[in-house]
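Everything on this sheet refers to the single structure shown next.
The values are calculated or read from the model by the stated rules, or taken from the named source; none is laboratory data. Predicted model only: the values in this text are computed from it and were never measured. FYI the Cβ positions are ideal-geometry reconstructions off the backbone, even for glycines, and counts take in every protein chain you see. Protein only, heavy atoms only, side chains kept; ligands, DNA and RNA dropped before computing areas. Shrake-Rupley method; radii C 1.70, N 1.55, O 1.52, S 1.80 Å.
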Amino acid sequence: MPSSPQPDTQSDTLSTTATAIAPGSIGNVAVGYDVLGGAFDAVHDRVHIERIETPTVEIASITGCVTELPRRPQANTATVGLLALVADRDLPYGFRVHIHKGIPLSSGIGGSAASAVAAMKAAQVLVDPPLTDDEVLHYALQGEQIASGAMHGDNVVPMVYGGVALTRSLDPLDVVPIAVPDGLYAVLVHPHMQISTRSARSVLPDAVPVHIAVQQSANLAALVAGCAQNDLSLIGRSLHDVMIEPHRAGLIPGFDAVQAAARDAGALGGSISGAGPSVFAWCPDEATAHRAGAAMRRAFATEDLDADVWTAPVASEGAQRTDAPVEA
Ligand code: HSE
């Protein structure tokens, strides 16, 4: 299990408020559908929580780049885990929640998971004993499930622990941190359109031919080996999704040209981020990531799609508590 900061509040100084940020994520990393993901700390959601005297959960505000989200705590990804926490621990108190969205909705950057993780990371120090990071993960996964209709770890796990992580199993929890070569940079290009995770999952076939599963397994194993051996060439040869991308590429206008533009600009390779429509590429360094991002954005522009370009180290930070103002 990755090392992570210990909860920093003891029972005699139990906080009554806390704020946390959680990064976006690049789910699947091309070849690890539902099991491999990386934190992406160019973008964040922020959640501020106040303890209240009644054992309930209230959503007090939703601000930022997305505000049309469910106000009912049972239906909002940020609050589903908090409700479960109140029930599981039979708490005599509850939580009032302020959500500030920095991650666009249905973008393939893990926005719903980030709200869930930020909420649980804030709540971590509002209960006694404090939540462990594994408990933060456990409750955040319940929130993520509300949004995507399935429980998978490729967003939530790297958001909690940081970096790139492989979820071998969710039950029992078995998470493998994947160290990556120094300097490796991710670029993510977000076209201004939405694809819901549910709809992107609905286009996938129920069964995969054995020869496709064999090639995808080889690519996933080789990607992990390439990371372990600092072998950028092997990483580049492995970033080919033969199982999921062919079914989803048609949902993203200009996808093939965007992907090719990244490689032509020097990226090692890339694919759809999570369920899309964002497209990511891994690059050997930051300068290449900026160059690839500009090229990918131009490729989207030929489809009349404006796009945001963000870059961050592949070894991005996970969720953190912060003193920054709620609305910043
Ligand atoms: N792995 C999910 C999918 C998205 O590709 O549908 C992010 O969890």
Original post:
Which of (1) in contact with a Gly (Cβ under 6 Å, 6 or more places away or on another chain); (2) within 16 Å of the ligand (Cβ to nearest atom) does H100 not meet, given it meets every other one?
Top reply: (2)
Original post:
Here are some conditions: (1) without any contact (Cβ under 8 Å) to a residue 40 or more places away in the chain; (2) away from the ligand (no atom under 11 Å from the Cβ); (3) polar (S, T, N, Q). S115 meets all but one. Which one does it not meet?
Top reply: (1)
Original post:
In the range 268-281, what residues are open to solvent by 10 Å² or more (accessible area, probe 1.4 Å) and either free of Cβ contacts under 8 Å to residues at least 24 places away in the same chain or away from the ligand (no atom under 16 Å from the Cβ) (or both)?
Top reply: L268
Original post:
Restricting attention to the range 73-93, which residues are in contact with an Asp or Glu (Cβ under 7 Å, 6 or more places away or on another chain) and touching a residue at least 60 places away in the same chain (Cβ under 8 Å)?
Top reply: T77
Subject >> Scan of the range 286-299 for residues that are out of contact with any helix residue (DSSP H, G or I) (no Cβ under 6 Å at 6 or more places or on another chain) and either within 16 Å of the ligand (Cβ to nearest atom) or under 21 Å from G24 (Cβ atoms) (or both), ordered by number >> reply: E286, T288, A289, H290, G293, A294, R297
Original post:
Has the range 146-164 got any residue that is in a helix (DSSP H, G or I), away from the ligand (no atom under 12 Å from the Cβ) and either free of Cβ contacts under 8 Å to residues at least 24 places away in the same chain or open to solvent by 50 Å² or more (accessible area, probe 1.4 Å) (or both)?
Top reply: yes
Original post:
Restricting the search to the range 202-246, which residues are within 16 Å of the ligand (Cβ to nearest atom), assigned to a helix (DSSP H, G or I) and crowded, with 17+ Cβ neighbours inside 10 Å?
Top reply: Q216, N219, L220, L223, E245
**OP:** Tell me which of these D264 doesn't satisfy, since it passes every other one: (1) surrounded by fewer than 16 Cβ atoms within 10 Å (Cβ to Cβ); (2) farther than 20 Å from S148 by Cβ; (3) touching a residue at least 12 places away in the same chain (Cβ under 8 Å); (4) within 16 Å of the ligand (Cβ to nearest atom).
**Re:** (4)
Subject >> Enumeration of residues in the range 113-136 that are surrounded by fewer than 24 Cβ atoms within 10 Å (Cβ to Cβ) and part of a helix (DSSP H, G or I) >> reply: D133, D134, E135
Original post:
All but one of (1) farther than 23 Å from V180 by Cα; (2) of a type outside the set (D, E, K, R); (3) at pLDDT 95 or above hold for H290; which doesn't?
Top reply: (1)
Original post:
Is it true that D182 is modelled with pLDDT of 95 or more, acidic (D, E) and more than 15 Å from the chain's Cα centre (by Cα)?
Top reply: yes
Subject >> Residue among D264, D285, D304, D256 that alone is of a type outside the set (A, V, I, L, M, F, W, C) and touching a strand residue (DSSP E or B) at 6+ places or on another chain (Cβ under 9 Å) >> reply: D285
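When you look at T167, is it open to solvent by 50 Å² or more (accessible area, probe 1.4 Å) and modelled with pLDDT of 95 or more, yes or no?
Values: open to solvent by 50 Å² or more (accessible area, probe 1.4 Å): no; modelled with pLDDT of 95 or more: yes.
So T167 fails the test.
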Original post:
Could you say whether any residue in the range 94-112 is in a helix (DSSP H, G or I) and either in contact (Cβ under 8 Å) with a residue 12 or more places away in the chain or open to solvent by less than 20 Å² (accessible area, probe 1.4 Å) (or both)?
Top reply: yes
Original post:
Under 6 Å by Cβ, and 6 or more places apart or on different chains, what pairs join a residue from the range 12-35 that is over 19 Å from V127 (Cα atoms) and more than 9 Å from the ligand (Cβ to nearest atom) with one that is at pLDDT 95 or above and β-branched (V, I, T)?
Top reply: A22/V117; G24/V43; G24/I103; G24/I109
